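Below is one structure, written out as structure tokens, with a few remarks after it.
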Amino acid sequence: MGLFARWKSRLKPGAVGADCVLLWLLWLSVEQQAAKGSQINALFGVTYNSTVNAENETIYAFNHTVSRNQTDGVRVWVNLQSENPKSPVLVVVRQKQAVLSFQVPLILRGLYQRKYQYTQVGRTLCQPPTHGMSENQLFYVDVSTLSIFGISYQLRVSHVESFTLLTNTKFSFTATPSQPQYFKYVFPDGVDTVIVKVNSQITFPCSVMSIQDIQCPVYDLDNNVAFIGMYQTMTTTAAITVQRKDFPSNSFYVIVVVKTEDEACGGPLKFYPLLPDKLMDPGNRSKTLDVVVTPAINSEVYIFGMLFCFGIFLSFYVLTVTAACTQAVLLMGATFISVYAGKGLASASPCEYGSFGKSVCNLCRDSFCP
């Protein structure tokens, strides 16, 4: 009390009003900070329409159940409604063991560093592992920007239909350069090798199919899909053989990415002026594809086929040698009969020098013919 009294006695009469103003400004700053980081308990499958600027950041909190025996894909879709914003919108997805971030509009580079701008972006979240049979996990989607003007956007988080592929079951989907797709496949019991096949009814736009291990992050954009795993460019059909021994988790991801340009697939390259700061028109690069995973021929079938072919050639060889030996024996028997019959000069034996049958006789002796 004595210290407070001494501090109060030192204040001038006009200082109390100044302190009130400082306290009010401090309270207002705290309120603005609270408003800047507003959080919404969001729901799956609901489209949220909102506006963001440098003074307003929105955090969407999602709660979902993760099971060890079942993997449900989660997809984040953002559509920018404001035209030609001065600053991009930054979307950051914070998960338990992974972080995914991207900007909208999304800028992808093509050949000669051409820039293509996409105002709609869709990304699939990498699923973190779970130690229990099932557990509830929270993840957050932060939407922010440095623009002083408001930028309107749409946000939707939904579950991916048929995220886990089934054997011999075809699944159709649509992909674009800014909205790649990937799915998970688990080897069933008794299957060690499978063939992953992706088909499309149209040739262009050029696409890439990639096989990657189950790990985060997943490289599913045109500028990084070739970093790891196996990949193959495609127009209408692509197929990759995958073996269980190459994936310790007995599962893998199938990623399909649509490229920004068709030059990698032998397609034409449109003429654009080489202006480094000019954004190119991406055009309509949506492509509908279907994927199917089928078991490949196992090693037993290969071995059986090889033995079957070897048996056919061996049977022809045995039949040829048997026929030659039989013919040689018949010729030798006819010669001996003519000699013993006392007809004078005996005909030349097929086994004498210069006769054609000598080689056959040698073949018979080598083949243990009598």
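All of the numbers you see were taken from the coordinates with simple rules; none came from a lab. Worth saying up front: this structure is predicted, and the values here are computed from it rather than measured. Quick reminder, even Gly has a Cβ in these numbers, built from the backbone with ideal geometry, and neighbours come from all protein chains shown.
Distance from the C-alpha centroid of the range 82-101 to that of the range 229-294: 24 Å, rounded to the whole angstrom.
As a calculated quantity, the FRET efficiency between Q39 and V99 at R0 = 22 Å, using C-beta atoms, amounts to about 0.80.
Measuring r between the beta carbons of N250 and K86 and using R0 = 51 Å, the FRET efficiency lands at 0.55. Placing +1 on each Lys and Arg Cβ and -1 on each Asp and Glu Cβ, with no other charges, gives the range 90-166 a dipole about its Cα centre of roughly 360 debye.
Debye calculation, C-alpha points only, no solvent: report log10 I(q)/I(0) for the range 50-138 at q = 0.14 Å⁻¹, in the same order as the q values. Summing over Cα pairs of the range 50-138 leads to -0.64. Computed from the C-beta positions of L314 and D192, the FRET efficiency with R₀ = 35 Å rounds to 0.70. With neighbours defined as other Cβ atoms within 10 Å of a residue's Cβ, the residues H64, H131 order from fewest to most as H131, H64. Each Lys or Arg adds one and each Asp or Glu subtracts one; over the other residues with Cβ under 10 Å from the Cβ of K270, this totals -3.
Here the 3J(HN,Hα) profile of the range 212-223, calculated from phi with Karplus coefficients 6.51, -1.76 and 1.60 at θ = phi - 60°, is 10, 6, 6, 7, 10, x, 9, 8, 10, 10, 4, 8 Hz, Gly and Pro shown as x. Comparing V78, F102, Q127 along the charge dipole axis of the range 67-154, the residue lying farthest to the positive side is F102, per the Cβ-charge model. For the range 153-208, the normalised intensity computed at q = 0.18, 0.19, 0.29 Å⁻¹ comes to -0.83, -0.90, -1.41 (log10 of I(q)/I(0), Debye sum over alpha carbons, equal scatterers, no solvent). In this rough spin-label picture, where each label sits 7 Å from Cα along the Cβ direction, the T322-K270 distance is 7.2 nm. What net charge do the residues around P282 carry, taking every other residue with its C-beta under 14 Å from that of P282, with Lys and Arg at +1 and Asp and Glu at -1? Taking every other residue near P282 into account, the sum is +4.
Looking at the square roots a ≥ b ≥ c of the eigenvalues of the Cα gyration tensor of the range 45-196, which shape do they give, rounded for a/c under 1.5, prolate if a/b is larger than b/c, or oblate? It is oblate, given that a/c is not under 1.5 and a/b is not larger than b/c. Counting only the backbone N, which residues of the range 128-147 are under 12 Å from the spot 7 Å out from the Cα of N69 toward its beta-carbon? What the label zone holds, given the 12 Å backbone N cut-off, is 133-134. Based on every Cα atom in the range 111-173, Rg and the maximum pairwise Cα distance Dmax equal 18.0, 53 Å.
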